[in-house]
Amino acid sequence: MENNKHIKLNEIHCDLISEYLRFCKYQTGQRLKSIDYCFSSILNCRVRSTETYTGDEVKSLLTDLEDVVRGEVDTELTDGVHTNTLFVQQLLAQAEEWHLTLSANISELENRELLNCVKLFEEEQQRKSESQKMSITVTQTKQVIPVEDMNVATALKTEIARLTMENDSLRTHVANQDQDSKNPPPQSVDVQQLESELSLAQGEINRLKSQLHSLLQENESDSMEKLQIVQQAVDTLSKELEVSQTKAAEETEKLKRDLESREDKLRQIQSNLLLAEKELDKKFQATSAYMNMKKILVQKNNQIKSLRRKVASLGGTEGGDDEESEEDGIALQKQSNLEEEGFRI
């Protein structure tokens with residue numbers, strides 16, 4: 001065809017690309033107008049023909065103009081990217097309706113040779129549009145028709161629906177032929193031929209239905225097999241979990257018994273240690289050193305008591321008795337300290 005001289009696509013797709021190129025060209029013109037408006041706005045608002053500007057003022061004007069133009073260009077480029085994304089999304093959504101998965105080579109988007117082909121295609125479409133003074137409009141009914149549908153069940157359902165519609169139309173046609181049998185037209189279709197075609201179509205429908213049923217049964221059998229495999233895996237995991245729980249309970253019980261036995265041994269060791277201390281204390285009290293120190297303490301206490309009585313007889317204070325009792329306590333404390341010192345020795 002004439003449209004795919006530079007772009008190797010069918011006529012419908014070439015018309016779609018041509019329409020999209022015209023849309024992009026219109027958008028480009030609008031964006032250039034917005035940039036022109038930025039320059040004219042700066043010139044009209046801040047530049048006067050009767051005034052003289054210094055270098056700093058010119059630099060300030062150019063800086064402000066740069067900021068405005070940069071912001072405008074950034075906004076327009078972002079809008080252009082979003083527009084292209086929406087266009088690609090429409091194509092992908094239409095492909096998904098036919099169970100197709102499209103792919104694109106992003107590295108080819110900067111191929112200069114292919115870009116030149118697109119440029120030549122646009123120029124050719126522009127010349128053709130100017131010569132014919134008409135535009136090509138892509139209708140909503142022109143959609144992508146896939147070469148092969150990978151979903152067999154969907155294809156069978158579509159074919160069954162088409163044959164059913166054809167069967168209904170043939171039945172209607174046969175009924176009309178029966179009504180007009182008295183005055184048949186000169187080029188009427190043979191009723192027997194229509195009935196044979198109708199029976200063939202019905203047989204084809206039945207065959208496709210049986211094929212679809214067998215496919216559904218195969219899918220159900222595959223699903224049951226997968227379900228059984230999953231069930232077996234779950235049972236295996238449950239058994240392994242039970243074994244792990246049993247082992248954990250046994251280990252816990254073993255550790256508990258070990259802890260109890262260790263606590264019993266600790267209590268026994270503590271009791272043995274207490275008995276050994278008492279036995280050691282008895283042995284120390286039976287030694288000659290302990291007995292000698294005890295005898296010396298008793299003698300010293302007796303001497304202190306006799307000295308106190310002499311002091312009291314010679315006219316001591318009234319609190320002599322209290323002092324005597326206090327000194328007795330001190331002596332007893334010294335005795336206990338000596339006993340402890342001896343125990344440590």
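Working note: Karplus 6.51/-1.76/1.60 with θ = phi - 60° gives the range 274-281 the couplings 5, 5, 5, 5, 4, 4, 5, 5 Hz, where Gly and Pro are set to x.
Using heavy-atom solvent-accessible surface (probe 1.4 Å) with all chains present, what is the largest-first order of 165, 224, 293?
The most accessible residue leads, giving 165, 224, 293.
Just grab the label-to-label distance for residue 282 and residue 174, each label 7 Å out from Cα along the Cβ direction, in nm (one decimal). Inter-label distance under the simple model: 12.5 nm.
Taking each residue as 0.36 nm, the span from residue 248 to residue 24 lengthens on full extension beyond its C-alpha to C-alpha distance by 73.5 nm. Estimated from the Cβ-Cβ distance and a Förster radius of 45 angstrom, the FRET efficiency linking residue 112 and residue 58 is about 0.70. How much FRET efficiency would the formula 1/(1 + (r/R0)^6) give for residue 88 and residue 237, where r is the Cβ-Cβ distance and R0 is 41 Å, rounded to 0.05? Taking R0 as 41 Å, the efficiency between residue 88 and residue 237 is 0.35.
Between residue 306 and residue 40, the modelled labels are 13.9 nm apart [label points 7 Å from Cα along Cα→Cβ]. With every protein chain present, what accessible area does residue 87 have (1.4 Å probe, heavy atoms only), rounded to the nearest 10 Å²? Residue 87 exposes around 50 Å² with every protein chain in place.
The values are calculated or read from the model by the stated rules, or taken from the named source; none is laboratory data. Just so it is clear, the model here is predicted, and its values are computed rather than measured. Glycine gets a Cβ as well: all are built from the backbone with ideal geometry, and neighbour counts include every protein chain shown. Heavy atoms of the whole protein, side chains included, go into the accessibility calculation; ligands, DNA and RNA do not. Shrake-Rupley method; radii C 1.70, N 1.55, O 1.52, S 1.80 Å.
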